[in-house]
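The next block holds one structure in the form of structure tokens; read it before the comments.
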Amino acid sequence: MKKSASVKVSEPGVASVRVIVGVLLVIHGAQVFQTDDMREYGPWMADLGVPFPLVLPYIGKIIEFLGGVAFITGLFLKPACILLMLTFLFIVVVMGGGKILTDAQHSFMFFLFSVLFYFAGDSGYSLRRLLL
């Protein structure tokens, strides 16, 4: 099946958005390396009644960081999207109270980007395509 001209034009744009979202995820996930910032999550998670309140924030930030790397490179994109969807859904519902128009807006947008790129894939522009 032959691709239409509009699909070929949109592929670099989709790849650009994927990389930008990946950079933002890496920035957010890099908070895992900031001990003072991470200490603040424990009491907050405990107040929300979340099990393992000292461990789950680290898992979430590591998923954000590595998910961002997957978005940038295109490597392991689908598994990363699944983990990111679960992580951001948890953040939206549990930590943000489901307030997608206010408190949980950014997390909800990351959730939507994860859904989008799960289905869209790497759009042909990725390190994965170069290696395979």
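All Cα-Cα distances of the chain, cut into 5 Å bins from zero to the largest, leave 2, 11, 18, 21, 18, 12, 8, 5, 3, 1, 1, 0 percent in each bin in turn.
The mean sequence distance of close C-alpha pairs (under 8 Å, at least 6 residues apart), as a share of the length of the chain, puts its relative contact order at 28 percent.
Toward the positive end of the charge dipole of the chain, with +1 on the Cβ of Lys and Arg and -1 on the Cβ of Asp and Glu, the farthest Cα among Leu48, Leu86, Ala15 is that of Ala15.
Only helices reaching 18 angstrom along their own axis (Cα) with mean Kyte-Doolittle hydropathy no lower than -1.0 count here, and for the DSSP H runs of the chain these are 5-29, 56-73, 77-90, 105-120.
Taking the protein heavy atoms of the chain in the context of the full set of protein chains, the accessible area attributed to carbon and sulfur is 72 percent at 1.4 Å. Taking all protein chains into account, the per residue accessible area for the range 51-132 stands at 59 Å² (1.4 Å probe).
Packing-based ranking of 104-112, 32-40 yields 104-112, 32-40, ordered from highest to lowest mean Cβ neighbour count within 10 Å. Take 18-25, 94-101 and order them by the average number of nearby Cβ atoms within 10 Å per residue, most first; the result is 18-25, 94-101.
The values are calculated or read from the model by the stated rules, or taken from the named source; none is laboratory data. Predicted model, so just to flag it, every value in this text is computed and none were measured. Note that we place each Cβ from the backbone using ideal geometry, even for glycine, and neighbour counts take in every protein chain shown. Surface areas here come from the heavy atoms of the whole protein model, side chains and all, with no ligands, DNA or RNA. Shrake-Rupley method; radii C 1.70, N 1.55, O 1.52, S 1.80 Å.
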